Amino acid sequence: MAERSTAAVDVADNSGDKPLTAQADQSTADGVANNRERDTDSDEAQGSAGTERPGHASPPELHSGHKLARRYRLEECVTRLDGFSSWRAVDEKLRRAVGVHILPADHARARSVLAAARSSALLGDPRFVQVLDAVEENDLVYVVHEWLPDATELTTLLMSGPLEPHEAYQMVSQIASAMSAAHREGLSHLRLNPNAVLRTSSGQWRIRGLAVNAALRGVASDTPQRTDTEAIGALLYAALTQRWPYENDAYGLSGLPKDIGLIAPDQVRAGVHRGLSELAMRALANDGATASRHESACTTPEELVKAIGEMPRIRPPEPAFTAPPEYQRTTYQQGTYGRPAPHPGATQPVTAPPAPLQSRTGKALKWAVSALLIAALGLGSWQLADALMDQGKSDDTNRTQTTDDGDKNSAAPKPVQPIKIQDAAEYVVSGGAQHPNDVDQTYDGDGSTYWRTSSFLGGPVLAPYKPGVGIVYDLGSAQEVSAATIGLYYGGDHTTVDLYAADSLNPAPSALESMRKLGEVTTNGTSATVKVTKPVKSRYVLVWLTALPHAPGDQYSDPGYKQAVTDVKFTG
């Protein structure tokens with residue numbers, strides 16, 4: 001359960017918007033995995049980013065049990081390097097585990113770490129491990145970040161072998177999409193490696209160290225987008241082959257043989273998915289190493305996301321079917337049940353039957369028993385016939401009433417059960433996200449809080465400018481969803497809501513076409529109920545808005561076509 005530092009500051013702004021680095025002057029932190037940190041990253045293994053030498057600041061004298069801001073109690077040091085240290089700690093105020101980076105306030109990188117942390121915190125994207133606090137206090141600079149006890153590093157996952165094609169596809173899709181969103185806000189990573197990529201227990205991939213790890217290590221790059229794109233290609237290469245795509249060994253992986261250059265993953269290991277192999281080469285070899293296949297190189301995460309979207313969707317593997325045990329014929333025979341089986345070849349003694357009643361008294365007793373049996377059978381037959389006649393009369397009288405009651409019982413409606421929402425994430429197919437930090441306000445039980453969309457000039461239908469906006473909900477386990485009730489903030493015009501069964505909490509942008517549609521409704525009011533005609537079991541459900549009403553401007557947005565979701569409830 002440790003931390004690896006990997007982040008970047010002062011990155012290029014390619015989106016045309018004001019970069020987040022210009023909005024803050026504070027600090028960020030990465031996430032936490034389940035094993036102790038191994039400082040295996042090296043500049044040779046990582047690639048093109050350069051590193052400056054740290055200042056000669058002495059690391060602060062800290063120990064387990066030390067408290068920061070009378071709140072964060074240090075538990076275990078997981079990294080001590082280049083004048084800074086990283087700790088697993090406990091937030092005693094909120095009673096939760098956190099991670100903390102600490103370095104002296106006079107450290108050569110203290111200012112850049114604070115700025116990087118605060119810039120990353122402003123992004124607020126749930127696909128990145130979140131920064132919780134960034135403080136300069138008592139000659140120390142420390143950055144507090146999420147600690148993910150249920151997450152596993154990609155380094156650990158690759159110890160047991162390469163990933164399945166579907167798992168590798170999900171990993172590269174989610175990582176590329178997240179980094180594309182970060183670069184649009186002027187943030188890059190520059191130390192994106194298997195230590196910085198985590199998979200949670202729900203199957204979501206998250207990135208730690210955005211704009212912090214590189215600041216801690218003093219890493220910079222003149223081409224941050226290209227550096228991060230090549231790093232994503234290296235992650236995919238490692239996931240497909242269990243090899244690091246450079247000559248040096250790194251992150252517990254063997255490098256490629258020397259003097260053979262960069263070869264495609266499907267030439268390193270048999271059975272590698274060809275489409276993913278080509279994708280890794282397009283991201284890694286930006287000088288045209290894939291020219292023989294006539295594919296253009298990907299030099300930015302956004303180009304990589306587009307290339308992933310053009311690939312045929314890779315479906316998850318079919319669940320393995322376990323054949324039932326073969327039918328075993330019983331050896332039961334009358335008169336032998338419960339007795340031990342005879343040994344083969346052994347002669348079993350034959351028990352002689354009891355002698356029949358041969359005497360005169362015995363014959364008389366047999367005739368008496370026979371007469372009694374005949375009398376009993378005659379009496380029983382007469383009573384049975386009389387009961388059947390009475391039953392026939394009552395059936396003719398009450399036939400209609402009995403049939404009606406039976407129909408009512410057989411058609412009893414199945415009780416409706418509410419389904420609790422465990423987690424949620426905004427789903428983005430194209431363009432920028434709406435307000436991903438507010439998705440939890442759609443299932444907090446408070447009708448006054450909401451997640452809102454941006455204000456669009458065209459409408460009510462968003463297409464073709466944008467296919468739609470929405471949120472994917474995690475129900476905790478596969479549930480049979482029969483209906484969804486969505487509370488809306490704005491009425492008027494019309495709002496169209498589609499319901500889909502999704503395959504994960506963060507599906508790829510191209511996944512919408514392959515999702516199973518559960519239902520659709522259009523309303524002019526402030527509530528929409530989507531009924532599922534044929535209930536389907538799914539853990540993840542997408543609430544997708546394709547048309548929005550026109551609403552006036554307010555303190556948050558200009559007049560235009562927009563909507564806000566106040567409360568979402570699912571029933572099964």
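Brief remarks on what is shown
- Distances between placed amide hydrogens fall under 5 Å for residue 488 paired with 527, 528, 566, all partners being 5 or more residues away or on another chain.
- For segment 215-257, average projected area of the Cα convex hull in nm²: 3.7 nm²
- Per residue, the accessible area of segment 516-572 comes to 48 Å², computed with a 1.4 Å probe over protein heavy atoms only.
- Backbone phi angles across segment 446-451, fed through the Karplus curve with coefficients 6.51, -1.76 and 1.60 (θ = phi - 60°), yield HN-Hα couplings of 10, x, 8, 9, 7, 9 Hz in residue order; Gly and Pro are listed as x.
- Alpha carbon convex hull of segment 149-280, projected area averaged over orientations, nm²: 8.5 nm²
- Given a 1.4 Å probe and the protein chains as shown, residue 561 ends up with an accessible area of around 50 Å².
- Accessible surface of segment 134-187, 1.4 Å probe, proportion on carbon and sulfur as whole %: 46 percent
- Remark on residue 98: its backbone amide H falls under 5 Å from those of 89, 90, 91, a criterion applied only to residues 5 or more positions apart or on other chains, H modelled at 1.01 Å from N.
- Inter-part distance where segment 532-572 and segment 111-176 are each reduced to a Cα centre, Å: 29 Å
- Hz values of 3J(HN,Hα) by residue in segment 92-108 - Karplus curve (6.51, -1.76, 1.60), Gly and Pro given as x: 6, 6, 9, 6, 8, 6, 9, x, 9, 9, 10, 8, x, 5, 8, 5, 4
- Per-selection metrics, segment 508-558 (Cα): Rg and Dmax in Å: 14.7, 42
- Pair residue 555, residue 136: separation of 7 Å Cα→Cβ label points (nm): 3.2 nm
- One compactness figure for segment 476-526 is 1.34, namely its Cα radius of gyration divided by 2.2 N^0.38 Å.
- 30 Å Cα-Cα threshold exceeded, pairs from 531/562; 420/562; 67/569; 306/420; 420/534: 67/569; 306/420
- Sequence ranges 206-218, 235-247, 107-119, 419-431, ranked by mean other-Cβ count within 10 angstrom, highest first: 206-218, 107-119, 235-247, 419-431
The values are calculated or read from the model by the stated rules, or taken from the named source; none is laboratory data. Keep in mind the model is a prediction, meaning the values are calculated, not measured. Backbone-built Cβ (ideal geometry, glycine too); neighbour counts: all protein chains shown. Areas reflect the complete protein model, heavy atoms only, side chains present, ligands, DNA and RNA absent. Shrake-Rupley method; radii C 1.70, N 1.55, O 1.52, S 1.80 Å.
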